[in-house]
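Colleague: One structure is given below, represented as structure tokens, and several questions about it will come after.
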Amino acid sequence: MRRRKLLGSSVFTCLFYACIVSLFPFSFLRFVQCQLGGLSPPPLPNPGAFDFLTQATYARLDNLTTELLSSQLVQKYSFCIEDPKADWDKAFNYSSDWNFLADCMLKVGDVSRRLCTAAEVEIYFNNLLNGMNSARPNRNCNSTNWVAGCEPGWACMTDTEEQVDLRNSQEVPARGTDCQSCCEGFFCPSSITCMIPCPLGSHCPLATLNKTTGICDPYSYRTPPGQSSHSCGGANIWADARTNREVFCSAGSYCPTNTVEQPCSSGNYCPMGSIDEKRCFRLTTCDPKTESQNMHLFGVMLIGALSTLLLIIYNCSDQLLTIRERRFRKSREAAVRNVREKTQARTRWKSAKDAAVKHVAGLHAQISGRFSKRTPSNPEEFKILNQTETEMSDDLYPPISADGSGMPQQSNASSEGEKIESGLHIHTVDEKEDNFGKFNVDSRDKDVKNKVSKGKDIHTRSQIFNYAYGQLEKEKAQQQQNKNLTFSGLISMATNDEIRKRPIIEIAFTDLTVTLKGKRKKLLKSVTGKISPGRVTATMGPSGAGKTTFLSALAGKAVGCNVTGLVLINENAVSIHSYRKIVGFVPQDDIVHGNLTVEENLWFNARCRLSADLLKPEKVLIVERAIDSLGLQAVRDSIVGTVEKRGISGGQRKRVNVGLELVMEPSLLFLDEPTSGLDSSSSQLLLRALRREALEGVNVCMVVHQPSYALFQMFDDLILLAKGGLTVYHGPVRNVEEYFAGLGIRVPERVNPPDYFIDILEGLIKTSSSSGVNYEDLPLRWMLHNGYPIPPDMRTDSNGTSMPVMNIDRDHELHDSAMDERSFAGEVWQHVKSHVAQKHDRIRHNFLQSTDLSNRKTPNIFLQYKYFLGRLGKQRLREAKTHAVDYLILLIAGACLGSLTNADDATFGFGAYTYTIIAVSLLCKIAALRSFSLDKLQYWRESASGISSFAHFMAKDTVDLFNVLMKPVVYLSMFYFFSNPKSSFADNYAILLCLVYCVTGIAYALAIFLEPGPSQLCAVLLPVVLTLIATQLNGSKFVKTVGSFCYPKWALEAFVIANAERYYGVWLLTRCGALHRFGYNVNHWVLHLSMLILAGVGFRAMAFIGMLTFQKR
């Protein structure tokens, strides 16, 4: 405490030393007066002499000021004075009015002999710090020597006529001559016999005795008792506004000089310590002698205007997207009508063409019969001319002769020649049909990519939709034609390169075993087989059979488990992650964005995951094909829906979940129970879409839970698992009943086979005793049937001749018995080890790097960033109601805090800004949590599919910059005009902008590292606790050290500094005292703003690293 007082004393001494030296030139008056002929003191000096003295004094003052401002003493204590010259001009520049000095010269003569030296100023400030109650004795005022000038408001001249060195800080000059009251415009402290000039913004008149109270008004000192000749003097103290405000210009008045005080006029306001009047803003009222503006009318109008704007946004935010969607819908519907009209015209033309062809064929037959020399032996031969090409191809085999030779019957050579001739004529007809190829489905464009690449004119929305729907109609016609394909037609379709255009992925697995880490529990055991491209494989089994584990193991998502065995991809031992760009995984839960429409969800996935070289018309075609095949046309423009807002049905949401993977055209597609929750028709619709994918060479593997018989027949292969993860059957669906019948298990009539098999594996249905097979023996039977090696724990006979009975749950029972034998502490430790192992495995899995073998170049980070911006913009518009409520709450908070916590002049708004930091931090953090906490599941799915996490993070941060920029404006629009601080709106906005940017980064980190509940709790407690720590002025060293690293400390110091710098003149002491008490420095304003920005960047980097590290793929 002693060091603090000494430091404060030195600071204030330095400041007032500047004040005294500013009047040091008056010591030069005596020399000037002698040169003018002995003006000491002039009774009535002429104006010319005084003007000359003023000019000479001001020139001397400028030179001394330059010397003083460059001294080391001023630079040492620059924590409260950023620009000493500017502060001196605002506090002690009397060049505009020297009347108070002239009046003092007329009263006392040589003013320089009454001015305080640096030593006396130091005594004053020491007394000021001690409360003026324990004044330190000095040469002139002590217990043995007490002159009249020692009383408050009085001063004396030096005893010698020699020039006084005002810069002398070591020795106090002897004063006791001509003691009288202090001059107006100066103050004379108690226990010091000298004068100090009052700064600008002060009012230092002569005091008058109040005979009723005995106090010298307007000051608080009294005349010494028993001295009737001692009258009231001038001002006696200039101190911090927190302790004494006697010399401050009164609130509601302004003081152009330190001796004149004038009332504030109407339309202006004058805070305490004002030098001039301040004009009121428009829409505010200012009565005469008012201290501040009446902002109530302005505030009410501003609140009304902003509230109206927010209500408009709240109610009309969806209209922008609705109008945009309506325009797209019109273009799409017009394209559909156009394509339908063309299709109908093509159908009519096809019918007319067929009729013409039949007519030509009839005429040809008649002409041939008329000019033929011999009548054909078989008149039916000419019927072939009246048959269509499809009817001709249906006759695969010629009629067999009676002798069984397999040769067609021939009547004679002439008939053979007629057949050849007829065949030539048929060929001619086919050639004629080709001439109408542009209307023939068979003659559709075989090089679509070349046409699209050439067709750069396909760029408008209507052209793109026309192209897409035209292609869809052609595909539907082709599918309809394929239903009647002959055997040769099927072979042709199967070998057509245009249909199977995707890379082929085949997965073969041998002895695949999955064991849970830490617990050594086997979830999957010795599974062998393969899944092939172009086939739909169903994985079935009872609960606990490891169906999802099997799917996750093949997809590379088995985290926290040990996966053993051999997995080959296209006969190579490579990671499935190398093909991540062309592998789709549909999770069991419907993880889609609920605040986007069906089409927007699909379109975003298509743009981010399809090849970057694919043109937009092709991407539109792929999306439209997926919507059409999944039966989502009716709800394509409907919001998917969230918990709060209802959207599409559950079955439609399930199909959208599958469509997210179909639009990226995968080569390998995993689906985890895609038909759960769907009715029979929706399930068949979904399976037809998957079978269409399989026709293009896609390897489809899905987990199904007890499908219907019709659905069961649509699968190509079946993997049937028993409890414990053991294989019971793996092969074609058409052979499963035959296999089980060979084991003596026959499906009863009118019973769904998959239901019956699963009931047997569950143990709900007992096998017949005649079969001699228990449901627990089925996995072993399958191994023996295929010659697979039997695991050691399943063997009971070394030669394998007997049929052992095995316990599928043996591992689980051994694990449970081991847990029972372990102590409670050991069990807890085992769980901790298992949890840590899973976390470590997950982190390692997230940073696993694999060589890309997919040969697909997806859009780069910048393009994905652009796509994310578009998607987030739509989401924010649909969430505008929530954001409008956030802004309204912030608006009300600013109005309340601005009205209740005015910016106190003595503390420069320390309290009001403290509450501001807490309120803004809390409200902005709570709102920013929604950016990353609400769509974690969607992000994990998108990141696992190869979409850039950096683009995702940066796009969200970019969109949130709108809130970072606007929320300070909304809050300050109320708080600033209600509290009316002296700092500028721009300074307050800059500080609040950096604060919001910082707390938004903290909210990102909380949302990513914590669950929603704990993150909200931390967002509420963190600003309160950190602000309490940062405002502990009398705390321990440890608390202050911790507080210096808290972001509220940086923001609060920046607020106080920006406000304190606007207080000058008479407020200079208050500024230095407050900043010294708070431990602030005016030179650190930019530093603290930079620290807030760096903290925001640092927390964002931390959040991004956490997003990469703790994601679940």
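The values are calculated or read from the model by the stated rules, or taken from the named source; none is laboratory data. Note that the structure is a prediction, hence the values are computed from the model and not measured. Glycine also receives a Cβ, built like all others from the backbone with ideal geometry; neighbour counts cover every protein chain displayed. The protein model used for the area step is the full one, side chains on, heavy atoms only, and it has no ligands, DNA or RNA in it. Shrake-Rupley method; radii C 1.70, N 1.55, O 1.52, S 1.80 Å.
Colleague: Just one of the numbered conditions (1) assigned to a helix (DSSP H, G or I); (2) open to solvent by less than 60 Å² (accessible area, probe 1.4 Å) is not true of SER265; which one?
Modeller: Of (1) assigned to a helix (DSSP H, G or I); (2) open to solvent by less than 60 Å² (accessible area, probe 1.4 Å), only one is false for SER265: (1).
Colleague: Then there is this: Just to verify a result, which residue in segment 217-269, among those that are within 53 Å of the chain's Cα centre (by Cα) and charged (D, E, K, R), is nearest to TRP154 (Cα to Cα)?
Modeller: Among them, the one singled out is ARG245.
Colleague: Within segment 925-980, track down each residue that is among the β-branched types (Val, Ile, Thr) and either closer than 19 Å to GLU661 by Cα or in contact with a Pro (Cβ under 9 Å, 6 or more places away or on another chain) (or both).
Modeller: Residues of segment 925-980 among the β-branched types (Val, Ile, Thr): 926, 947, 958-959, 964, 969-970.
Answer for segment 925-980, where residues must be among the β-branched types (Val, Ile, Thr) and either closer than 19 Å to GLU661 by Cα or in contact with a Pro (Cβ under 9 Å, 6 or more places away or on another chain) (or both): just ILE947.
Colleague: Can you tell me which condition ASP935 does not meet? The list is (1) open to solvent by less than 30 Å² (accessible area, probe 1.4 Å); (2) of a type in the set (Asp, Glu); (3) over 30 Å from GLY556 (Cβ atoms), and all the others hold.
Modeller: (3)
Colleague: Can ARG691 be described as under 25 Å from ILE505 (Cβ atoms), open to solvent by 30 Å² or more (accessible area, probe 1.4 Å) and not in a strand (DSSP E or B)? Step through it out loud before you land on a result.
Modeller: Values: under 25 Å from ILE505 (Cβ atoms): yes; open to solvent by 30 Å² or more (accessible area, probe 1.4 Å): yes; not in a strand (DSSP E or B): yes.
Yes, satisfied.
Colleague: Of all the residues that make up segment 733-753, how many are open to solvent by 40 Å² or more (accessible area, probe 1.4 Å) and either assigned to a helix (DSSP H, G or I) or not aliphatic (A, V, I, L, M) (or both)?
Modeller: Going through segment 733-753 one residue at a time, the tally reaches 9.
Colleague: How about segment 1094-1113: which of its residues are touching a residue at least 60 places away in the same chain (Cβ under 8 Å), aliphatic (A, V, I, L, M) and either open to solvent by 30 Å² or more (accessible area, probe 1.4 Å) or touching a strand residue (DSSP E or B) at 6+ places or on another chain (Cβ under 8 Å) (or both)? Spell out how you get there, then give the answer.
Modeller: So the first thing to find is which residues in segment 1094-1113 are touching a residue at least 60 places away in the same chain (Cβ under 8 Å), and the list is 1095-1100, 1102-1104, 1106-1113.
This time we only want the ones that are aliphatic (A, V, I, L, M), so: 1095, 1097, 1102-1103, 1107-1108.
Residues satisfying the conditions are VAL1097, MET1102, LEU1108.
Colleague: Sticking with this structure for a sec: State which residue pairs qualify: first residue farther than 17 Å from LEU621 by Cβ and assigned to a helix (DSSP H, G or I) and inside segment 318-337, second residue modelled with pLDDT of 70 or more and open to solvent by 100 Å² or more (accessible area, probe 1.4 Å) in any location, beta carbons under 7 Å apart, and separation of 6 or more residues or different chains.
Modeller: Listed by first residue and then by second, the contacts come to nothing, as the list is empty.
Colleague: Additional query: Going residue by residue through segment 1082-1099, is there one that turns out to be polar (S, T, N, Q) and at pLDDT below 90? Full working, then the answer.
Modeller: Let us first name the residues in segment 1082-1099 that are polar (S, T, N, Q), namely 1083, 1090.
The next check asks that each one be at pLDDT below 90; those that pass are 1083.
The answer is yes, given that some residue of segment 1082-1099 is polar (S, T, N, Q) and at pLDDT below 90.
Colleague: Another one. Evaluate the following for CYS182: is it closer than 20 Å to VAL147 by Cβ, at pLDDT 85 or above, open to solvent by 10 Å² or more (accessible area, probe 1.4 Å) and in contact with a Cys (Cβ under 6 Å, 6 or more places away or on another chain)? Can you show your working first?
Modeller: Numbers: closer than 20 Å to VAL147 by Cβ: yes; at pLDDT 85 or above: yes; open to solvent by 10 Å² or more (accessible area, probe 1.4 Å): no; in contact with a Cys (Cβ under 6 Å, 6 or more places away or on another chain): yes.
It is false that CYS182 is closer than 20 Å to VAL147 by Cβ, at pLDDT 85 or above, open to solvent by 10 Å² or more (accessible area, probe 1.4 Å) and in contact with a Cys (Cβ under 6 Å, 6 or more places away or on another chain).
Colleague: Follow-up question, since we're still on this one. Inside segment 991-1093, counting only helices (runs of 4 or more DSSP H) that do not spill past its ends, which hold 2 or more residues that are under 30 Å from TYR254 (Cβ atoms) and open to solvent by less than 10 Å² (accessible area, probe 1.4 Å)? Before you say what the answer is, go through the steps one by one.
Modeller: Working: elements: 1012-1030, 1037-1043, 1047-1060, 1068-1078.
Answer list for segment 991-1093: 1047-1060, 1068-1078.
Colleague: Failed condition for GLY299, given (1) part of a helix (DSSP H, G or I); (2) open to solvent by 40 Å² or more (accessible area, probe 1.4 Å), with all others met?
Modeller: Evaluating GLY299 over (1) part of a helix (DSSP H, G or I); (2) open to solvent by 40 Å² or more (accessible area, probe 1.4 Å) leaves (2) as the failure.
Colleague: Open to solvent by 10 Å² or more (accessible area, probe 1.4 Å) and at pLDDT below 90: which single residue out of GLY641, GLY647 fits that description? Step through it out loud before you land on a result.
Modeller: On the way: GLY641 fails: open to solvent by 10 Å² or more (accessible area, probe 1.4 Å).
When all the criteria are applied, what remains is GLY647.
Colleague: Answer yes or no as to whether LYS616 is open to solvent by 30 Å² or more (accessible area, probe 1.4 Å), of a type in the set (D, E, K, R), at pLDDT below 90 and over 30 Å from LYS525 (Cβ atoms).
Modeller: When the stated conditions are applied, LYS616 passes them.
Colleague: Considering only segment 656-674, how many residues are within 20 Å of LEU551 (Cβ to Cβ) and open to solvent by 20 Å² or more (accessible area, probe 1.4 Å)?
Modeller: 1
Colleague: Going by the conditions given, is TYR756 open to solvent by less than 20 Å² (accessible area, probe 1.4 Å), outside any loop (DSSP other than H, G, I, E, B) and hydroxyl-bearing (Ser, Thr, Tyr)? Spell out how you get there, then give the answer.
Modeller: Details: open to solvent by less than 20 Å² (accessible area, probe 1.4 Å): no; outside any loop (DSSP other than H, G, I, E, B): yes; hydroxyl-bearing (Ser, Thr, Tyr): yes.
No, not satisfied.
Colleague: Here is a follow-up. What's the number of the only condition in (1) open to solvent by less than 20 Å² (accessible area, probe 1.4 Å); (2) under 22 Å from PHE187 (Cα atoms) that PRO256 fails to meet?
Modeller: Condition (1) is where PRO256 drops out.
Colleague: Looking at segment 759-792 only, could you name the residues that are at pLDDT below 75 and loosely packed, with under 13 Cβ neighbours inside 10 Å?
Modeller: Within segment 759-792, SER768, SER769, SER770, GLY772 meet the criteria.
Colleague: Among the numbered criteria (1) crowded, with 20+ Cβ neighbours inside 10 Å; (2) modelled with pLDDT under 90, which one does LYS982 miss?
Modeller: (1)
Colleague: Right, another one. Checking THR208 against (1) under 60 Å from the mean Cα position of the chain (by Cα); (2) open to solvent by 10 Å² or more (accessible area, probe 1.4 Å): exactly one of these is not met. Which one?
Modeller: (1)
Colleague: Cβ-Cβ distance below 9 Å, separation of 6 or more or different chains: which pairs start in segment 571-582 with a residue that is farther than 12 Å from LYS557 by Cα and surrounded by fewer than 19 Cβ atoms within 10 Å (Cβ to Cβ) and end on one that is of a type outside the set (Gly, Ala, Ser) and modelled with pLDDT under 90?
Modeller: Close Cβ pairs satisfying both conditions: ASN572/LEU853; VAL574/THR851; VAL574/LEU853; SER578/THR851; SER578/ASP852; SER578/LEU853.
Colleague: I'd like to know if segment 957-980 contains one or more residues that are touching a residue at least 24 places away in the same chain (Cβ under 8 Å), in a loop (DSSP other than H, G, I, E, B) and either within 30 Å of ASP590 (Cα to Cα) or not β-branched (Val, Ile, Thr) (or both).
Modeller: yes
Colleague: I'm told LEU310 meets every condition in (1) open to solvent by 30 Å² or more (accessible area, probe 1.4 Å); (2) under 29 Å from VAL969 (Cα atoms); (3) among the aliphatic types (A, V, I, L, M) except one. Can you identify the failing condition by its number?
Modeller: (1)
Colleague: Let me ask something else. Give me a count of the residues in segment 890-922 that are buried (at least 20 other Cβ atoms within 10 Å of the Cβ), aliphatic (A, V, I, L, M) and more than 31 Å from the chain's Cα centre (by Cα).
Modeller: Final tally of qualifying residues: 1.
Colleague: Continuing with this model, one more query. Under 8 Å between Cβ atoms, which residue pairs at least 6 apart in sequence (or on different chains) link something in segment 149-162 that is in contact (Cβ under 8 Å) with a residue 24 or more places away in the chain and acidic (Asp, Glu) with a partner that is buried (at least 24 other Cβ atoms within 10 Å of the Cβ) and part of a loop (DSSP other than H, G, I, E, B)?
Modeller: Filtered contacts from segment 149-162: GLU151/GLY233.
Colleague: Out of the residues in segment 73-127 that are among the hydroxyl-bearing types (Ser, Thr, Tyr) and farther than 26 Å from THR243 by Cα, which is most open to solvent (accessible area, probe 1.4 Å)? Show your work before the answer.
Modeller: Pass one, segment 73-127, residues among the hydroxyl-bearing types (Ser, Thr, Tyr): 77-78, 94-96, 112, 117, 124.
Restricting the remaining residues to those that are farther than 26 Å from THR243 by Cα gives 94-96, 112.
Working: TYR94: 11, SER95: 57, SER96: 110, SER112: 8 Å².
Checked segment 73-127; the qualifying residue most open to solvent (accessible area, probe 1.4 Å) is SER96.
Colleague: Right, here's the next one. Considering only residues that are open to solvent by less than 20 Å² (accessible area, probe 1.4 Å) and among the polar types (S, T, N, Q), look in segment 533-551 and name the one that is nearest to PRO779 (Cα to Cα).
Modeller: So, considering only residues that are open to solvent by less than 20 Å² (accessible area, probe 1.4 Å) and among the polar types (S, T, N, Q), the one nearest to PRO779 (Cα to Cα) is THR539.
Colleague: Please specify each residue of segment 594-630 satisfying the condition of being under 20 Å from ASN466 (Cα atoms) and not hydrophobic (A, V, I, L, M, F, W, C). Quick ask: steps written out before the conclusion?
Modeller: Initial filter on segment 594-630 (under 20 Å from ASN466 (Cα atoms)): 599-600, 602-603, 606-607, 614-629.
Of everything in segment 594-630, those that are under 20 Å from ASN466 (Cα atoms) and not hydrophobic (A, V, I, L, M, F, W, C) turn out to be GLU599, GLU600, ARG607, LYS616, PRO617, GLU618, LYS619, GLU624, ARG625, ASP628, SER629.
Colleague: Go through segment 341-362 residue by residue and tally those that are closer than 18 Å to PHE465 by Cα, in contact (Cβ under 8 Å) with a residue 40 or more places away in the chain and open to solvent by 70 Å² or more (accessible area, probe 1.4 Å).
Modeller: Within segment 341-362, residues that are closer than 18 Å to PHE465 by Cα, in contact (Cβ under 8 Å) with a residue 40 or more places away in the chain and open to solvent by 70 Å² or more (accessible area, probe 1.4 Å) number 1.
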